[in-house]
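For reference, the structure discussed in these notes is given below.
The values are calculated or read from the model by the stated rules, or taken from the named source; none is laboratory data. Note that the structure is a prediction, hence the values are computed from the model and not measured. Methodologically, a virtual Cβ is constructed for each residue, glycine included, from the backbone with ideal geometry; neighbour enumeration extends over all protein chains shown.
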Amino acid sequence: MTASLDIYFIGTEVPRGVDNAGMTIHCPVSTTTTTTTTIAKATVPVTINVYFKRGLYQDVADDSVPNIVVGCNAGLAAYPEWLPALQHMHQRSTAGNNNANADGHRGKVEHQLCLFTDYNEEAAERAAHMCRHVFINQNSNQNVSEVQINPVLQPFLITLDDNALPTFSNGFQFWVCLA
């Protein structure tokens, strides 16, 4: 048994020198399986493929649909560039083709999860509201979680001149489940 994980870093800030580059990491992972009568230990080879693509998500994403999309400090409500990306994710998750691509990935998954973080609670609330509006208008079966404090936020307060809100890098999070 082998396992693999593909990680794509996509964005306009990806350095030109690594655009369309990738690397592969091979590592063994120890597992333990317990039943009522036995304990089995095994080492499973895991392959982690890391890819870099420069550009907007909707412009550079291929036909595969990731199981999870993460947008750290995304600023969804502040940057209109996110709207086409959200619409693209929704379209790929609901109407992707079922033919496997060259890497064996399917164009449609049962559920696609998106995790977005933002600097302050108000920004995260506005972003979650925007996601609810985008996906409800497209008659999708979606679920947008309530905004929560991110348990892995950067523990240092960021001081901004434009507001007096408590602000932390990746301070607040919400999830979107597209089905």
Return only the number of the condition from (1) part of a loop (DSSP other than H, G, I, E, B); (2) free of Cβ contacts under 8 Å to residues at least 40 places away in the same chain; (3) not charged (D, E, K, R) that Ser30 does not satisfy.
(1)
Can you name every residue in the range 19-50 that is charged (D, E, K, R) and surrounded by 10 or more Cβ atoms within 10 Å (Cβ to Cβ)?
Asp19
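Among the residues of the range 1-16, which ones are surrounded by fewer than 10 Cβ atoms within 10 Å (Cβ to Cβ) and within 24 Å of Trp82 (Cα to Cα)?
So the first thing to find is which residues in the range 1-16 are surrounded by fewer than 10 Cβ atoms within 10 Å (Cβ to Cβ), and the list is 1-2, 13, 15-16.
Scanning the range 1-16 gives Glu13, Pro15, Arg16.
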Inside the range 104-124, the number of residues satisfying the requirement of being modelled with pLDDT of 85 or more and among the charged types (D, E, K, R) is 3
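Gly55 - would you say it is at pLDDT 90 or above and over 23 Å from the mean Cα position of the chain (by Cα)?
Details: at pLDDT 90 or above: yes; over 23 Å from the mean Cα position of the chain (by Cα): no.
It is false that Gly55 is at pLDDT 90 or above and over 23 Å from the mean Cα position of the chain (by Cα).
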